[in-house]
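A.B. asks: This is the structure I have questions about; it appears just below.
Every number in this text was worked out from the coordinates using simple rules, so none of it is lab data. Because the structure is a prediction, the values reported are computed rather than measured. For neighbour counting, all protein chains shown are included, and Cβ atoms are generated from backbone atoms with ideal geometry for every residue, glycine included.
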Amino acid sequence: MDVRFDQVYTDPENQIFRVVFFPDRIYHSRYLNATRSTRYRYNVREVRSVAEATVLKGEVYLDGIFLSTFIRIEYKATRLQEVARERGRFLEEEVLAWVKLHPEGNHSQEATVKLFFCPWVGSYQVEIWQTLQPLGDTVHDIKVLDLIGNRNAITKVPVFSETLLDIYSIKKVELSFRESTLDLPAGYEIKDPLWDNNFARSFQSPVSDIPSDNGKNTIDVNNYLVDFQRGWSLHTDDIKPVRYKNAMMNDNDERRFDDNVIEMKWVFQRELGGNLVFFHEVTIPPGMIEGTHRHIGSEELYYITQGDGIAYMAEGDDPNTANYNTVELPIYGLEKRKCKEIPVNPGSVIFTKSGGIHGIKNVSDKPLKFVAFLYHST
């Protein structure tokens, strides 16, 4: 780490930016496999996370001499542990990861690697080094040697070797995780290993202009995407919207009608890290409605940028809405509930936590627009 960073972090004028700098300090100081010996030093160059997976790229030095580039994968496995437990199994010490590297300008490569649980970081992890061979007469430290080798915590994957010569060329990494082949400690073969492949995660793409065209605009993916791009500059005018008819409304909802079409411009989806699922811009034409729906395990924020409307929140979700008018509305997938009618206009914010209910209607003669982002809350 650049020592100048310490001054930036501690200057009184920069206290507000600790929320920005804090993760960089953690990733540069965390436990990595070879640090059990002081002969090794890591230089972590880039880190990205998505949900429970983290990918680190960097260099490792032995006795102060450059040894190898590496890519490290960490996985918390909470989701995989849950589905395995439903079958009466536990993950124990090992899980497998399907890994696909996407180097810039070259063909992608994929392989299956084994991850080992590390109590120091509370995750399953593996480090894939470009080479395991020290230079000249140098030898590995005995404290680290037992971690090095084929299908071990520090390993080499031949199909990745050429790409790892230039770790900066790796722009994207796709990941899926599954149970080990053997049930440990019993040792019997698992014939139906379960996967955490982002649990039927999908993203939206404007394939068809027809509103809600039999799911054609929903693109299924079966993995996590770790994107190493560092920044994006774009304009929503250049993004084609996806159109939805009677979005989030039950079939028997009296508010449904054929022209009730809203548009969503999906600004960011798979590019986002952590548990953030999407950031998009929504346009509701005059008189149109986005159905009232409930969030479970996710949170969403609406920020109104244009127009006037009525937002709906369940009675009691926000005590500050007690004096607003109460109506009974059908909730998508559920029965009717009492909701509060909340006038919204540019600058209004509707924030819905897990278990909360919200929806929105345009009550003006001009388009109602808002930006929204949604993320998993667990």
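A.B. asks: Determine the dipole magnitude for the chain: charges of +1 sit on the beta-carbon of Lys and Arg, -1 on that of Asp and Glu, nothing else is charged, the reference point is the Cα centre, and the result goes in debye to the nearest 20.
C.D. replies: Dipole size: approximately 400 debye.
A.B. asks: Rank 372, 348, 246 by how far each Cα sits towards the positive end of the charge dipole of the stretch 230-376 (+1 on Lys, Arg Cβ; -1 on Asp, Glu Cβ) and give me just the farthest.
C.D. replies: So the residue we want is 372.
A.B. asks: Once you mark the trypsin sites (Lys or Arg not before Pro) that are in a DSSP loop and have at most 10 other Cβ atoms within 10 Å, what is the longest gap between them in the chain? Provide the component values of the computation, followed by the final result.
C.D. replies: Working: sites that count: 191, 230.
Within the chain, the longest run free of exposed trypsin sites (Lys or Arg not before Pro) spans 1-190.
A.B. asks: For the charge dipole of the chain, defined by +1 on Lys and Arg C-beta atoms and -1 on Asp and Glu C-beta atoms about the Cα centroid, which residue among 33, 235, 96 has the Cα displaced farthest towards the positive pole?
C.D. replies: In the chain, that residue is 33.
A.B. asks: With charges only on Cβ, +1 for K and R and -1 for D and E, what is the dipole size of the stretch 192-291 about its Cα centre, in debye, rounded to 20?
C.D. replies: The dipole of the stretch 192-291 has a size of about 220 debye.
A.B. asks: Separate question: Select from 190, 170, 289 the residue whose mean-square fluctuation is largest in a Gaussian network model of the chain (Cα-Cα springs shorter than 10 Å).
C.D. replies: 190
A.B. asks: Let me ask something else about it. To the nearest 0.05, how large is the calculated FRET efficiency for residue 120 and residue 45 if R₀ is 25 Å and r is the Cβ-Cβ distance?
C.D. replies: 0.75
A.B. asks: Let me ask you something else. Any lysines with Cα under 25 Å of the residue 100 Cα? List them, leaving off those in the same chain fewer than 8 positions away.
C.D. replies: In chain and number order, the partners are 57, 76, 114, 156, 171, 172, 191.
A.B. asks: While we're on this one: What does the charge count near residue 347 come to, summing +1 for each Lys or Arg and -1 for each Asp or Glu among other residues with Cβ under 14 Å from its Cβ?
C.D. replies: With Lys, Arg at +1 and Asp, Glu at -1, the net is 0.
A.B. asks: Another question, if that's okay. Could you list 266, 120 in order of exposure, starting from the residue whose Cβ has the fewest other Cβ atoms within 10 Å?
C.D. replies: 120, 266
A.B. asks: Once every DSSP H run of n ≥ 4 in the chain is given -39500 (n - 2.57) and the sum is divided by its residues, what mean residue ellipticity at 222 nm do you get, rounded to the nearest 500 deg cm²/dmol?
C.D. replies: -2500 deg cm²/dmol
A.B. asks: Now a separate question. Loop-only GluC sites (Glu not before Pro) in the stretch 225-281, please: DSSP not H, G, I, E or B, and at most 14 other Cβ atoms within 10 Å.
C.D. replies: Those satisfying the criteria are 254.
A.B. asks: Suppose the chain between residue 254 and residue 351 were pulled fully straight at 0.36 nm per residue; how much longer would it get relative to their current alpha carbon spacing?
C.D. replies: 32.3 nm
A.B. asks: Here is a follow-up. What aspartates and glutamates does residue 361 reach when the alpha-carbon gap must be under 12 Å and sequence neighbours fewer than 8 apart in one chain are set aside?
C.D. replies: Answer for residue 361, where 12 Å is the Cα cut-off: 290, 308, 341, listed by chain and number.
A.B. asks: Give me the angle, in degrees from 0 to 90, between the Cα long axis of helix 18-29 and the longest principal axis of the Cα atoms of the chain, rounded to the nearest 10.
C.D. replies: Once rounded, the angle reads 30 degrees.
A.B. asks: Using amide H atoms built in the peptide plane, which far-off residues or other-chain residues are under 5 Å from residue 247 H to H?
C.D. replies: Hits under the 5 Å cutoff: 262, 291.
A.B. asks: By counting other Cβ atoms within 10 Å of each Cβ, how are 242, 113 ranked from fewest to most? Show your work: numbers first, answer last.
C.D. replies: On the way: 242 23, 113 15.
Lowest count first: 113, 242.
A.B. asks: Okay, next question. Going by C-beta contacts inside 10 Å, put 358, 140 in order with the fewest on the left.
C.D. replies: Arranged by neighbour count, lowest to highest, 358, 140 become 140, 358.
A.B. asks: Please compute the contact order of the stretch 213-288 in relative form: average sequence separation of alpha-carbon pairs under 8 Å and at least six residues apart, divided by the residue count, as a percent.
C.D. replies: After rounding, I find 26 percent.
A.B. asks: The stretch 91-181: which GluC sites (Glu not before Pro) are DSSP loop and have at most 14 other beta-carbon atoms within 10 angstrom?
C.D. replies: Taking the stretch 91-181 and a limit of 14 other Cβ atoms within 10 Å, the loop GluC sites (Glu not before Pro) found are 93, 104.
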